[in-house]
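The values are calculated or read from the model by the stated rules, or taken from the named source; none is laboratory data. Because the structure is a prediction, the values reported are computed rather than measured. So basically every Cβ, Gly included, is an ideal-geometry build from the backbone, and we count neighbours across all protein chains shown.
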Amino acid sequence: MPAPPMLLADRVTGIAAAPGSMGTGTIWTETDVVDGAWYLDPAGRMPAGIISEAGQADLLLISWLGVDLLTKGERIYRLLGCEITYHGSLPEPGNTLRYQITIDGHGEHDGIRLFFFHYDCYVGDELKLTGPEWSGGLLHRRRTRQHRRRDLSNRHSPPTSSLPHPRPAGTRTPKPSQIHLFDKVSDLREGYVKTELSIHEDDWFFDGHFKNDRACRGP
């Protein structure tokens, strides 16, 4: 699990999985949205990226299932892919987010320990997020250095103004704070925006990543 301030799961309310079995299972967690939380947007809501990041106990569940007995602390975790759909309005102070996270399978491929999971997030009985397909990998550190930078400027789909759901309300750009993770906009076109952030040794998000793995989290 990450360190504060990115440790967003407040409590575990249940686990249905055999410890050390390397099978499948489910974990339930809760996250409280409180007044003054560091991540609140200018409207006082929890941003979409933080909602997905708070469903982070897949890491606790895969450890419970015994992956650490195989990797022996010699690998680092990276999220490899996900599919997310948001529902309804963003959570606000006073809400408690409830996550149900299920690991569906796992295996080894080309030296990477893979696992696959899905989860749902609720506030009360209202569905806020569905994540039907997620994948994560435990990699040797040298493998992360082999990843090449991707240039997304040559997009393949034409820009469109149509939306599958009612048009969302506009939200102002985040205030200069921890959640404001860009220094400048370097490219802005119809349907495309490119931003840049200068990285410094003492940036706050390094300490919020995993122990002995200084990186910026990418929910």
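Here are the numbers:
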read-out: Boolean, residue 58 is buried (at least 18 other Cβ atoms within 10 Å of the Cβ), acidic (Asp, Glu), in contact with a strand residue (DSSP E or B) (Cβ under 8 Å, 6 or more places away or on another chain) and under 19 Å from residue 129 (Cα atoms); value: yes
read-out: Residue among 13, 31 that is among the polar types (S, T, N, Q), surrounded by fewer than 14 Cβ atoms within 10 Å (Cβ to Cβ) and touching a strand residue (DSSP E or B) at 6+ places or on another chain (Cβ under 8 Å); value: 13
read-out: Unique residue being small (Gly, Ala, Ser), free of Cβ contacts under 8 Å to residues at least 60 places away in the same chain and over 21 Å from residue 139 (Cα atoms) when the list is 88, 49, 25; value: 88
read-out: Failed condition for residue 12, given (1) more than 23 Å from residue 124 (Cα to Cα); (2) of a type outside the set (S, T, N, Q); (3) at pLDDT 95 or above; value: (1)
read-out: Residue ID - modelled with the lowest pLDDT, chosen from residues in segment 93-110 that are of a type in the set (Gly, Ala, Ser) and in a strand (DSSP E or B); value: 107
read-out: Subset of segment 91-100 [without any contact (Cβ under 8 Å) to a residue 60 or more places away in the chain and in contact with a strand residue (DSSP E or B) (Cβ under 7 Å, 6 or more places away or on another chain)]; value: 91
read-out: One residue from 54, 16, 9 being without any contact (Cβ under 8 Å) to a residue 40 or more places away in the chain and either within 22 Å of residue 115 (Cα to Cα) or hydroxyl-bearing (Ser, Thr, Tyr) (or both); value: 16
read-out: Matching entry among 34, 12 (being of a type outside the set (Phe, Trp, Tyr) and closer than 17 Å to residue 101 by Cα); value: 12
read-out: Residue that is farthest from residue 69 (Cα to Cα), among those in segment 111-163 that are within 15 Å of the chain's Cα centre (by Cα) and at pLDDT below 90; value: 136
read-out: Some residue of segment 69-82 being buried (at least 18 other Cβ atoms within 10 Å of the Cβ), outside any strand (DSSP E or B) and touching a helix residue (DSSP H, G or I) at 6+ places or on another chain (Cβ under 8 Å); value: yes
read-out: When residues of segment 1-35 are limited to those that are of a type in the set (Asp, Glu) and in a strand (DSSP E or B), the one nearest to residue 108 (Cα to Cα); value: 30
